[in-house]
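To start, the structure under review is shown below, and the notes come after it.
The values are calculated or read from the model by the stated rules, or taken from the named source; none is laboratory data. Note that the coordinates shown come from a computational prediction; the quantities given were computed from them, not determined experimentally. Neighbour counts run over all protein chains shown; Cβ positions are idealised from the backbone, glycine included. What goes into the accessible areas is simple: the full protein's heavy atoms, side chains included, and nothing from ligands, DNA or RNA. Shrake-Rupley method; radii C 1.70, N 1.55, O 1.52, S 1.80 Å.
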Amino acid sequence: NLLAQRNRGYFEAKGITALNLVSSPGSGKTTLLERTIRSLKGKNINVIEGDQQTSLDADRIQATGVPVLQINTGNGCHLDAGMINKAVKALDPGQNSLMLIENVGNLVCPALFDLGEAFRVVIMSVTEGEDKPLKYPNMFQSAHLCLINKTDLLPHVDFDLENFKNYAARVNPHLLFISLSAKTGAGFEEWLGWLDQSSHSHN
């Protein structure tokens, strides 16, 4: 926690808005990041990519042209503040930049570790059970925003959006929701607007 505070101090001093993106595997985090980065062309963005084994996701992010640093956690199921501290020093992000941290796909461990981020964003896809917030309350309690991804699949899956929001609100009444599709871009304006507002309110 001490290291997380140190990270937070560093981010604040440089006006960096750091987001910790958390989700279970297969929620579409990397696709969402790719589209986000491409939509924010010209913005100063750095990415830290956490994965247990491969660098496949980092390679995809690198293709967008932004600086990315890969952290392989091996058997570890989350990133921690120490890893972020080292990665940030290596990336050396500029003033007033956006730092996107893609955490390891897991809804349990990352919930318990503060990285020093300004905002925690939980990504949920409509292909998952709508009772996720009740099963993984720590993750939803500690999040500021919930992105509901893959909305293009809503007609094909048994997922009740309102039910899901009610479950999540039970766990965290302050949680904000944005429904979108990283594949089609539907709902992206709202997400980009939130990002913009967060950067300004934070700096």
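A few points about this structure:
- The condition (being crowded, with 21+ Cβ neighbours inside 10 Å, over 16 Å from the mean Cα position of the chain (by Cα) and either farther than 22 Å from ILE148 by Cα or touching a residue at least 24 places away in the same chain (Cβ under 8 Å) (or both)) is satisfied by just one residue among VAL88, VAL68: VAL88.
- Taking the numbered list (1) hydrophobic (A, V, I, L, M, F, W, C); (2) under 17 Å from the mean Cα position of the chain (by Cα); (3) open to solvent by less than 10 Å² (accessible area, probe 1.4 Å) in turn, ALA118 passes all entries but (3).
- Flag if GLU12 is open to solvent by 10 Å² or more (accessible area, probe 1.4 Å) and either farther than 19 Å from ALA90 by Cβ or in contact with a helix residue (DSSP H, G or I) (Cβ under 9 Å, 6 or more places away or on another chain) (or both): yes
- Test result for PRO155, over 13 Å from the mean Cα position of the chain (by Cα) and either open to solvent by less than 30 Å² (accessible area, probe 1.4 Å) or not acidic (Asp, Glu) (or both): yes
- Taking the stretch 95-203 as the region of interest, the helices (runs of 4 or more DSSP H) fully inside it that hold 3 or more residues being at pLDDT below 95 are 188-202.
- Residue ID - nearest to the chain's Cα centre (by Cα), chosen from residues in the stretch 158-203 that are under 26 Å from LEU98 (Cα atoms) and among the aliphatic types (A, V, I, L, M): LEU195
- Scoring SER97 on the criteria (1) farther than 27 Å from GLY187 by Cβ; (2) open to solvent by less than 40 Å² (accessible area, probe 1.4 Å); (3) of a type outside the set (A, V, I, L, M) leaves a single failure, condition (1).
- Filter result (open to solvent by less than 40 Å² (accessible area, probe 1.4 Å) and touching a helix residue (DSSP H, G or I) at 6+ places or on another chain (Cβ under 8 Å)) within the stretch 31-51: LEU33, GLU34, THR36, ILE37, LEU40, ILE45, ASN46, VAL47, ILE48, GLU49, GLY50, ASP51
- Any hit, the stretch 16-30, residues being open to solvent by 60 Å² or more (accessible area, probe 1.4 Å) and over 17 Å from the mean Cα position of the chain (by Cα): no
- ALA111 vs. criteria surrounded by 14 or more Cβ atoms within 10 Å (Cβ to Cβ) and more than 14 Å from SER24 (Cα to Cα): no
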